[in-house]
Amino acid sequence: MDPKFGRMLLASESEGSVKEVLIIVSALSIQDPRERPADQQANADSKHLQWKDQTSDFSTLVNLWRHFEQQHQKLSRSQFDKYCRKNYISAMRMRE
C-alpha cells in the first residue's frame, strides 16, 4: 500500500470516517471506473452527473461506490454488469 494511503486510513479513524476513506483509497488505487467512450461522451457525462458532488471529487467517488454497492447487493452478476454498462461504469473495476 502506498504510504500516503496508509496515513489517510490511520487518520480516518480519529475523524470517524474509516468507511469513506476506505472507499476513496480503494478508488485511488485502481483506474477510474467511469467510462467515457469517444462516441458517447455526452451520454456518459450525463449518466455520471447523478453521483457528482459539486464540492469534492472524493465525495463523488463515495457516492458512486455506495450506489453501485446497493445495486450489487440487489442484482445478479449479469444484471449488475448490464446495469454498469448502461451507466458507463466498468463492472470489472468496481469489483476490484
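The values are calculated or read from the model by the stated rules, or taken from the named source; none is laboratory data. Bear in mind that the values here come from a model prediction, so they are computed numbers and not experimental data. Positions of Cβ are generated from backbone atoms using ideal geometry, with glycine treated the same way; all protein chains shown enter the neighbour counts. Ligands, DNA and RNA are excluded from the accessible area calculation, which covers all protein heavy atoms including side chains. Shrake-Rupley method; radii C 1.70, N 1.55, O 1.52, S 1.80 Å.
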Open item on the list: Quick check: with the 1.4 Å probe, what order do I89, I23, I30 take by accessible area, largest first?
Closed with: I30, I23, I89
Task: For region 33-45, Karplus couplings with θ = phi - 60° (6.51, -1.76, 1.60), whole Hz, Gly/Pro x - done: x, 6, 10, 9, x, 3, 8, 9, 4, 5, 5, 4, 4
- [ ] Give the value in nm², to one decimal: projected area of the alpha carbon convex hull of the chain, averaged over all directions.
- [x] 6.9
Task: Helix-only mean residue ellipticity at 222 nm for the chain, each DSSP H run of n ≥ 4 adding -39500 (n - 2.57), per residue, nearest 500 - done: -20500 deg cm²/dmol
Task: the chain: trypsin sites (Lys or Arg not before Pro) in DSSP loop, at most 14 other beta carbons within 10 Å - done: K52
Open item on the list: Could you compute how much accessible surface S59 exposes when probed at 1.4 Å, giving the result in Å² to the nearest 10?
Closed with: 40
- [ ] Using the charge dipole of the chain (Lys, Arg: +1 at Cβ; Asp, Glu: -1 at Cβ; taken about the Cα centre), state which of G6, A91, W65 has its Cα farthest towards the positive end.
- [x] A91
- [ ] Over the chain, with every protein chain in place, what whole percent of the accessible area is carbon and sulfur at 1.4 Å, could you tell me?
- [x] 51
- [ ] For region 66-74, take each phi angle, set θ = phi - 60°, evaluate the Karplus expression 6.51 cos²θ - 1.76 cosθ + 1.60, and give the result in whole Hz per residue in order, putting x for glycine and proline.
- [x] 4, 4, 6, 5, 4, 5, 4, 6, 8
Open item on the list: Check which residues have an amide H placed less than 5 Å from I89's amide H, if you skip close sequence neighbours.
Closed with: E35
